[in-house]
Each structure stands twice: as structure tokens, then as C-alpha cells.
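Asks: Supplied in C-alpha cells, the structure appears directly below.
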Amino acid sequence: MATPAVRFKPRPPDRGSFPIDHNGVCKNFMNEYMECLSNNNYDNSKCREQSKVYLQCRMENQLMEKENWKRLGYADLKETTDCVSKDKKLDLVKDDCA
């Protein structure tokens with residue numbers, strides 16, 4: 001008797017999983033964060049500002065779900081604006097931020 005085929009059931013990604021930045025939209029922010037980690041002996045507590053800016057870029061570009069900073073552990077950092085994307089190296093300057 002043949003065994004029934006196992007059916008694959010797709011499921012959404014676990015919380016914390018998000019799409020890869022194939023177009024490199026936030027690559028400069030990621031590189032700044034990684035450089036900060038490297039310069040600080042991989043002590044991520046010294047690179048929280050860079051991490052927050054990188055996550056904000058991802059949220060602004062629909063590469064991850066928008067989330068409250070408090071839930072992400074950044075409530076103690078000063079509020080950033082939607083214009084953070086106009087960082088020195090990024091081509092994401094929004095018209096209303098110039």
C-alpha cells in the first residue's frame with residue numbers, strides 16, 4: 001500500500017523575520033551599524049543609534065512591519081523623524097525633508 005504524500009503547508013514568517021533588502025535601499029545604514037559594531041568590539045549597546053536608524057529605514061521602505069520603538073527596546077533614545085532617510089550617504093531624500 002502506498003503512503004500518502006506529505007503536503008507542505010506554507011506559513012507566514014516568524015516575528016522578527018523580514019524580507020531581504022535585494023535593492024540595497026538600506027545597505028548604507030546597515031554598513032554604518034556593522035562598522036560601529038566592529039569599532040566597538042561588537043558591543044551592540046554602543047551602536048543603538050545606528051541600529052535604530054537602520055530599522056527605521058527598513059520600516060519606511062516596507063522591508064519590515066512598522067513597530068513601536070518602545071516594543072523594539074528603543075524607548076529611551078530620542079525620537080527620530082521620517083527624514084532620517086536623508087542620511088549623508090543615502091539617495092532616499094524625501095521631497096518634503098529637503
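Asks: Mind listing whichever residues of segment 25-65 are outside any helix (DSSP H, G or I), more than 12 Å from the chain's Cα centre (by Cα) and more than 19 Å from ASP76 (Cα to Cα)?
Replies: Within segment 25-65, ASN40, ASN41, TYR42 meet the criteria.
Asks: Next up: Only one of SER85, SER17 is open to solvent by less than 60 Å² (accessible area, probe 1.4 Å), of a type in the set (Gly, Ala, Ser), out of contact with any His (no Cβ under 7 Å at 6 or more places or on another chain) and at pLDDT below 90; which?
Replies: Checking each option against the conditions leaves just SER85.
The values are calculated or read from the model by the stated rules, or taken from the named source; none is laboratory data. Predicted model, so just to flag it, every value in this text is computed and none were measured. Glycine also receives a Cβ, built like all others from the backbone with ideal geometry; neighbour counts cover every protein chain displayed. These area figures cover heavy atoms from the full protein model, side chains too; ligands, DNA and RNA do not enter into them. Shrake-Rupley method; radii C 1.70, N 1.55, O 1.52, S 1.80 Å.
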